[in-house]
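Engineer: First the structure, then my questions, so here it is.
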Amino acid sequence: MGPRSCWKSRHKFGPGGALWLRLCLCAALSGAAAAKQVIQKEAQFDATYNDTVTGDVQTIYAFNHTVSRNKTEGVRVSVDVLLEGVENPLLFVVRQKQAVVSFQVPLVLRGLYQRKYAYPNVGRTLCQPPTQAEMETQFFFVDVSTLSPVTTNYQLRVSRVDSFTLQTNKNSNFIATPSQPQYFKYMFPEGVDSVIVKVNSEMTFPCSVMSIQDVLCPVYDLDNNVAFIGMYQTMTKKAAITVQRKDFPSNSFYVVVVVKTEDEACGGPLRFYPLQPDELIDAGNRSKVLDVLVSPAIKSDVYVMGMLFCLGIFLSFYLLAFLVACLESKRSVPPVARSI
């Protein structure tokens, strides 16, 4: 039998005394729960909120937006924290209809040999839950909390993503960092069964990863989890992946681009090993300018026509060689033999 967690008193309480003791305990617990102050604010898109948070205060921002069945709108949460250490980070939790996204700021990402990099600027695109209604108003909440006893300043901004849905044969430019990945949605148009997704950049480094994922929540868009699902390719300047409609039941997919914390995967230089295991390393400027282009792939009938054309070329050579051989053999027969 496990140890009991009870308290015995030498004093005897009657029924009224027991009831009085329970009321006192409930009042004490309510006072302890009320010690943490919760502030809820009605928030707006494209507005920058410069606020503070401590271990005694939790702030909740309430957002709402209208979604439609035939249009996908991207929503992005950007956070900037002025905090030197990572001992007491800020926790941001985004609660949506069918998904919950949480991340700490500064965001700590690990590299090779457990090297740690802290990023005070974090940007995440929210996964968009599908809707069956023609028009629907959806609410989501951003909770900000910390265990730090010191007041910490932060900056929060929620905005809509321009050109979240990729168009066929149209370039889309964007900037990504290890703590600010980007992803976009592409829907197969009618009559297109296969497309080629190309990501280009003028910069060789930092090393980055392009991933193709199904339209599901959550989206794996960090360096430590981008390889968990779907197809991916490490890149420096160029990357391309062929995507077929039959592999995605929803006739759509996400194009995820993540900048890696280190460049070893792309053949880049190896950073020095930290003197202490928990020492933070300055990541420096690891922003990368990229563009993505989705174009239709070659159809199967084009492949068949190309194969038949090549086969016809080979057969014509064989037929020509056979005719030349017949003519040469006919010329080589003596006239006497032909008269006989």
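Engineer: Suppose we filter Ala325, Ala265, Ala337 for residues that are modelled with pLDDT under 75 and either assigned to a helix (DSSP H, G or I) or surrounded by 11 or more Cβ atoms within 10 Å (Cβ to Cβ) (or both); which single one remains?
Structural biologist: Going through Ala325, Ala265, Ala337 in turn, just one is modelled with pLDDT under 75 and either assigned to a helix (DSSP H, G or I) or surrounded by 11 or more Cβ atoms within 10 Å (Cβ to Cβ) (or both): Ala337.
Engineer: State whether one or more residues within segment 232-247 are assigned to a loop (DSSP other than H, G, I, E, B) and hydrophobic (A, V, I, L, M, F, W, C).
Structural biologist: No.
Engineer: Being over 30 Å from Gln132 (Cβ atoms) and either among the hydroxyl-bearing types (Ser, Thr, Tyr) or open to solvent by less than 60 Å² (accessible area, probe 1.4 Å) (or both) is the filter here; which residues of segment 234-256 pass it?
Structural biologist: Thr234, Met235, Thr236, Ala239, Ala240, Ile241, Thr242
Engineer: Which count do you get for residues in segment 270-297 that are aliphatic (A, V, I, L, M) and either open to solvent by 60 Å² or more (accessible area, probe 1.4 Å) or at pLDDT below 95 (or both)?
Structural biologist: Final tally of qualifying residues: 7.
Engineer: Anything in segment 208-265 that is among the small types (Gly, Ala, Ser) and closer than 21 Å to Asp193 by Cβ? List them, or say none.
Structural biologist: Within segment 208-265, Gly230, Ala240, Ser250, Ser252 meet the criteria.
Engineer: Taking the residues in segment 205-215 that are part of a loop (DSSP other than H, G, I, E, B) and closer than 22 Å to Arg286 by Cβ as candidates, determine which candidate is most open to solvent (accessible area, probe 1.4 Å).
Structural biologist: Ranking the qualifying residues of segment 205-215, first place goes to Phe205.
Engineer: Looking at Met187 and the list (1) in contact with a strand residue (DSSP E or B) (Cβ under 7 Å, 6 or more places away or on another chain); (2) within 23 Å of Thr234 (Cβ to Cβ), which single condition is not satisfied?
Structural biologist: In the conditions (1) in contact with a strand residue (DSSP E or B) (Cβ under 7 Å, 6 or more places away or on another chain); (2) within 23 Å of Thr234 (Cβ to Cβ), Met187 misses (2) alone.
Engineer: Does at least one position in segment 74-83 carry a residue that is modelled with pLDDT of 50 or more and either of a type in the set (Asp, Glu) or open to solvent by 70 Å² or more (accessible area, probe 1.4 Å) (or both)?
Structural biologist: Within segment 74-83, one or more residues are modelled with pLDDT of 50 or more and either of a type in the set (Asp, Glu) or open to solvent by 70 Å² or more (accessible area, probe 1.4 Å) (or both).
Engineer: Restricting the search to segment 119-161, which residues are out of contact with any Ser or Thr (no Cβ under 9 Å at 6 or more places or on another chain) and open to solvent by 20 Å² or more (accessible area, probe 1.4 Å)?
Structural biologist: Scanning segment 119-161 gives Gln132, Phe139, Phe141, Leu147, Arg160.
Engineer: For segment 155-175, name all the residues that are in a strand (DSSP E or B) and farther than 16 Å from Val57 by Cβ.
Structural biologist: Gln155, Arg157, Val158, Ser159, Arg160, Val161, Thr165, Thr168, Ser172, Asn173, Phe174, Ile175
Engineer: While we're looking at this one, here's another question. Given segment 40-154, what strands (runs of 3 or more DSSP E) lie entirely inside it while holding 1 or more residues that are of a type in the set (A, V, I, L, M) and free of Cβ contacts under 8 Å to residues at least 12 places away in the same chain?
Structural biologist: So the answer is 100-105.
Engineer: Of all residues in segment 176-200, which are open to solvent by 10 Å² or more (accessible area, probe 1.4 Å), over 20 Å from Cys217 (Cβ atoms), part of a strand (DSSP E or B) and hydrophobic (A, V, I, L, M, F, W, C)?
Structural biologist: Ile196
Engineer: While we're on this one: Any residue at all in segment 216-229 that's part of a strand (DSSP E or B) and open to solvent by 30 Å² or more (accessible area, probe 1.4 Å)?
Structural biologist: No, segment 216-229 has no match at all.
The values are calculated or read from the model by the stated rules, or taken from the named source; none is laboratory data. If you're wondering where the values come from, they're calculated on a predicted model, not measured in any experiment. Note that each Cβ is placed from the backbone with ideal geometry, even for glycine, and that neighbours are counted across all protein chains shown. With ligands, DNA and RNA removed, areas are computed over all heavy atoms of the protein, side chains included. Shrake-Rupley method; radii C 1.70, N 1.55, O 1.52, S 1.80 Å.
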